[in-house]
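Just so it is clear, none of the values below were taken in a lab; they were calculated from the coordinates. Please read these numbers as outputs of a predicted model, since none were measured by experiment. We place every Cβ from the backbone using ideal geometry, glycine too, and count neighbours over all the protein chains shown.
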Amino acid sequence: MNRKARVEELRRMLNEQGLDGILITQPQNSLYLSGFGPSVQPDEIEGALFITEDDSILMTDFRYLEQAEREAPAFRLFKVERADEGMVKALPGLLEGVGAKRVGFEAEHLTFARYQKWASALEGSEWVPTSGLVEEIRAIKDQDEIEAIRKAVALADETYAYLREYIRPGLTEREVAWEAEVYMRQGGAEKIAFDLIIAGGPNGALPHATTTERALREGEPVVIDIGARVESYHSDLTRTLYLGEPDARFQEVYALVRRAQESALEGIRGGMKGKEADGLARQVIEEAGYGEDFGHGLGHGVGLAVHEKPRATKRSEEELQPGMTLTVEPGIYITGWGGVRIEDMVVIREEGVEVLSRASKEPTLLSPGIL
């Protein structure tokens, strides 16, 4: 689906909801619809789209005009004094010019403080909260998007293969994380997809561990969660290594997590609900007595954002549709010991999944540094 088709699909949704237009401020949604992708500053909106039945407008200031003209040629540029405050001043006249009276905004992105400012500037127009309209379109990837994701996944796979040769006891978690980041950037990543996780020993019991100065030790598991951004799309890969000869406990837990993941990879189908996909892995872990140690969902979509629709959790009613991406990442986390997580990215197909990740799942690491 090209950008023109994406905008037309959004217009169809607006018509269904009786909206004259919508203000798009969420950066990934702006990029998806227009091609305009400024750097994202958390305290500032650098550009916004205003889409009506007949018009597509991109509002931004002097700093981004040339970039916007280059990246979003299908949108009419509307220069404001400064992106955030300037849009507040410009909106009343803009809305009057296009005859928009009932205007949607992205409630999950616009802060309450901004809402108050913008709503006060829009007296005479109805300010209507919306949720997930563009995200719903984004959830199903076209072939170009999937190809960009393949590149990001391949770079994560290559990086993990490199780390298997690099990692050894005595290196700190941060040293390994930095090595991974350098490798990905030199390999073509625009940036890392998220704060990389290298979690040795007991730190691996934290699903979203913060990488520390703790040195890795022989005789312990290491959870490695890495991802890259390539052509604006992300990857997400987790593997668990054991530094040395695995003990009985690790072998048991690792085999269980791998069996749970294989159950999900073999059973997920298009049309299945997220909670049904989650249940394929969760049942294996619960029957083995580790249900309380698998506290997160099975997976999430990945695309322009690292976490996006769909969700595969034990309560998710979302339908997994062909063309959606999903991480499949069961895990077991034991306080004081560590954790095991295995994560692959897949594309949902009618009769199963296409597994994109290719990184080795062999957990034993007997490198020269620990022989």
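Would you work out if region 3-138 is rounded, prolate or oblate? Take a ≥ b ≥ c from the square roots of the eigenvalues of the alpha-carbon gyration tensor; rounded if a/c is under 1.5, else prolate when a/b is larger than b/c, oblate otherwise. Rounded. So for the chain: antiparallel DSSP bridges make up what percent, rounded to the nearest 5? Counting only bridges with both partners in the chain, antiparallel ones make up about 75 percent. FRET efficiency for the R315 to F112 pair, using the beta carbon distance and R₀ = 30 Å, is estimated at 0.65.
Taking amide hydrogens as placed 1.01 Å from N in the peptide plane, the amide H of S316 sits under 5 Å from those of K275, each at least 5 positions away in sequence or on another chain.
Taking amide hydrogens as placed 1.01 Å from N in the peptide plane, the amide H of L110 sits under 5 Å from that of no residue at least 5 positions away in sequence or on another chain.
Determine the sum of side-chain charges near P363: Lys and Arg each +1, Asp and Glu each -1, restricted to other residues whose C-beta is under 10 angstrom from that of P363. Charge balance in the 10 Å sphere: +2. The GluC sites (Glu not before Pro) of region 292-344 that DSSP puts in a loop, and whose beta carbon has at most 11 other beta carbons within 10 Å, are E317.
When the chain is fully extended, how far beyond the present Cα-Cα distance does R358 get from E218, taking 0.36 nm per residue of separation?
Result for the pair: 47.8 nm of gain on full extension.
Charged neighbours of A193, selected by a Cβ distance under 13 Å, balance to -4 (K, R count +1; D, E count -1). Rounded to the nearest 20 debye, the dipole size of region 228-371 about its Cα centre is 180 debye, using +1 on the Cβ of Lys and Arg and -1 on the Cβ of Asp and Glu.
Between 0 and 90 degrees, the angle of helix 3-16 with respect to the longest Cα principal axis of the chain falls at about 70 degrees. Around the Cα centre of the chain, unit charges on the Cβ atoms of Lys, Arg, Asp and Glu (plus for the first two, minus for the last two) sum to a dipole of about 100 debye. Helical runs assigned H by DSSP (4 residues or longer) give the chain a calculated mean residue ellipticity at 222 nm of -11500 deg cm²/dmol, each run adding -39500 (n - 2.57) before division by the residue total. Neighbour counts of C-beta atoms inside 10 Å place F112, F78 in the sequence F112, F78, starting with the fewest.
Please report the spacing between the Cα centers of region 173-204 and region 206-221 in Å, no decimals. Using only Cα atoms, the two centres lie 13 Å from each other.
In region 143-370, a dipole from Cβ-located charges (positive for Lys and Arg, negative for Asp and Glu) runs towards its positive end, and of G303, G352, V253 it is V253 whose Cα lies farthest in that direction.
Helix 143-166 and the longest principal axis of the C-alpha atoms of the chain enclose an angle of approximately 30°. Taking every lysine pair in region 143-370 that is 8 or more places apart or spans two chains, those with Cα atoms closer than 21 Å amount to 7. Taking the Cα atoms only, what angle lies between the long axis of helix 274-287 and the longest principal axis of the chain, rounded to 10 degrees? It works out to around 20 degrees.
The spacing between region 131-150 and region 304-371, judged by their C-alpha centroids, is 19 Å.
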